[in-house]
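The values are calculated or read from the model by the stated rules, or taken from the named source; none is laboratory data. Everything numeric here is computed off the predicted structure, so don't read it as measured data. Reconstructed Cβ throughout: ideal geometry from the backbone, glycine too, with neighbour counts over all protein chains shown.
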Amino acid sequence: MSKEVKIVMTGDRPTGRLHLGHFVGSIQNRIKLQDESDKSYYMVADIQALTDNASNPDKVRDNVLEVALDNLACGLDPKKTTMFIQSEIPEIAELTILFLNLVTLARLKRNPTVKDEMKQKGFGENVPAGFLAYPVSQAADILFCRSNLIPVGEDQLPVIEQVNEIVDDFNRIYGETFDRVKHIVGNTPRLIGTDGGIKMGKSLNNGIYLSDSLEEITKKVMSMYTDPKHIHVEDPGEVEGNVVFSYLDIFDTNRVEIAELKKHYKKGGLGDVVIKKRLINILEDIINPIRTRREELAKNPENVMKILKDGTNNARIIAIETMAEVREALKINYF
Ligand code: ATP
Ligand code: MG
């Protein structure tokens, strides 16, 4: 396949509604790339979500619709992007099994993203094998549809590196079959949590959601950490490590005013409530149109499921083609 062809693949784990971290880390790029690429795919990664939610199938099932709604509300267009459900493409599971032979246990355990997430989830040695191997299944997600351009947040970069190792090994052993893949990170590769934690995450309870009401946004911003030493309005305040200013840096486009506000805050005389109110207004301007579209789309969940069904049928065609080629390369094409 020519390297010039841009085939984009992205997805979300249906483990909860999507938040501002997804928006700036990945969704904005998805929306842009559906116009700038030759083909684009969006996957609801339900099989991947089950790797650390095996005992909670209801949660995964319920959130399939939620993540699809979030993406549609942000402007993902099913006419431009093939939207599908991972578990409905059995060829992804077949490819995963074959790729697993190219990856060692030591390499899986070394992946920094997986290591971090294992720590965060408290798995220790009792990590489910499927979870440890999710980067391999992610290689199958990316390669079954021949995609080569992956918009992701910073947390996913080690996974992309592992995908390319699989591509290299596969091509070396079985003959040139897959393209190496490139990642694209958004302007904000990692949005911190409302608690100041290193990453806003669905499973971390530190997010502002694309479906949050103005009341919820207000509550979350008002409880954000600023500078603990900034007790009285006239006290000089810290801007570094101040969650409200970190968010203003990302979401407020008026750079000049932000620079002035920072100066004022450092000098003293600027209250937390002023900067928090400013942030609430800016976030409401971003989220309000998404929330409104989402509410509209949510009235007809069957339409959303139809989009996913049509997209799945479409993706299945290329999945079957790729699998035939892979079977031939591995000499497991008997009949
Ligand atoms: P979970 O906690 O269940 O893993 P998550 O919030 O990490 O959920 P994912 O569905 O794993 O969300 O991630 C979907 C995409 O969004 C990935 O490309 C990921 O890199 C990106 N992303 C998630 N959180 C952030 C964030 N805080 N900043 C930037 N990008 C993010
Ligand atoms: Mg994640």
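Please tell me if residue 7 is without any contact (Cβ under 8 Å) to a residue 60 or more places away in the chain and away from ligand 1 (no atom under 13 Å from the Cβ). Considered against the rule, which asks whether it is without any contact (Cβ under 8 Å) to a residue 60 or more places away in the chain and away from ligand 1 (no atom under 13 Å from the Cβ), residue 7 comes out as no. Within region 199-209, not a single residue is in a loop (DSSP other than H, G, I, E, B), at pLDDT 95 or above and assigned by TED's automatic domain parsing to the domain that holds residue 26. Within region 135-172, the residues that satisfy the criterion of being polar (S, T, N, Q) and either under 17 Å from residue 109 (Cβ atoms) or free of Cβ contacts under 8 Å to residues at least 60 places away in the same chain (or both) are 137, 138, 156, 162, 164, 171. When you look at residue 47, is it among the aliphatic types (A, V, I, L, M), part of a helix (DSSP H, G or I) and closer than 14 Å to residue 151 by Cβ, yes or no? No; evaluated as a whole, the condition is false for this residue. Residue by residue through region 80-127, note down the ones that are more than 16 Å from ligand 2 (Cβ to nearest atom), under 29 Å from residue 69 (Cβ atoms) and polar (S, T, N, Q). Listed by number, the residues that qualify are 81, 82, 87, 96.
Per-residue answers, yes or no, for (1) within 21 Å of residue 15 (Cβ to Cβ); (2) within 16 Å of ligand 2 (Cβ to nearest atom); (3) among the hydroxyl-bearing types (Ser, Thr, Tyr):
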| residue | (1), (2), (3) |
| --- | --- |
| 181 | no, no, no |
| 189 | yes, yes, no |
| 203 | yes, yes, yes |
| 208 | yes, no, no |
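Pairing each residue of region 57-74 that is of a type in the set (Gly, Ala, Ser) with any residue that is not in a helix (DSSP H, G or I), provided the two are 6+ apart or on different chains, yields C-beta distances under 7 Å for 68/44; 68/83; 73/210.
Can you spot a residue in region 52-74 that is among the acidic types (Asp, Glu), more than 16 Å from ligand 1 (Cβ to nearest atom) and not in a strand (DSSP E or B)? Give the derivation first.
Initial filter on region 52-74 (among the acidic types (Asp, Glu)): 52, 58, 62, 66, 70.
With more than 16 Å from ligand 1 (Cβ to nearest atom) added as a condition, the list becomes none.
Looking through region 52-74, none of the residues is among the acidic types (Asp, Glu), more than 16 Å from ligand 1 (Cβ to nearest atom) and not in a strand (DSSP E or B).
Just the residues that are within 11 Å of the chain's Cα centre (by Cα), farther than 26 Å from residue 144 by Cβ and not in a strand (DSSP E or B), please, taken from region 4-25. Once the filter is applied, which keeps residues that are within 11 Å of the chain's Cα centre (by Cα), farther than 26 Å from residue 144 by Cβ and not in a strand (DSSP E or B), region 4-25 yields 20, 21, 23, 24. Looking only at region 273-295, residues that are closer than 26 Å to residue 64 by Cα and surrounded by 12 or more Cβ atoms within 10 Å (Cβ to Cβ) come to 11 in all. Taking region 87-143, which residues are closer than 22 Å to residue 167 by Cβ, over 21 Å from the mean Cα position of the chain (by Cα) and acidic (Asp, Glu)? Result: 91, 94.
Using the structure shown, decide if residue 180 is basic (Lys, Arg) and either away from ligand 1 (no atom under 14 Å from the Cβ) or assigned to a helix (DSSP H, G or I) (or both).
So residue 180 fits the description; yes.
Annotation note: Cβ proximity below 9 Å between a residue of region 173-190 that is more than 16 Å from residue 326 (Cβ to Cβ) and a residue that is part of a loop (DSSP other than H, G, I, E, B) and hydroxyl-bearing (Ser, Thr, Tyr) (sequence gap 6+ or interchain) occurs for 181/147.
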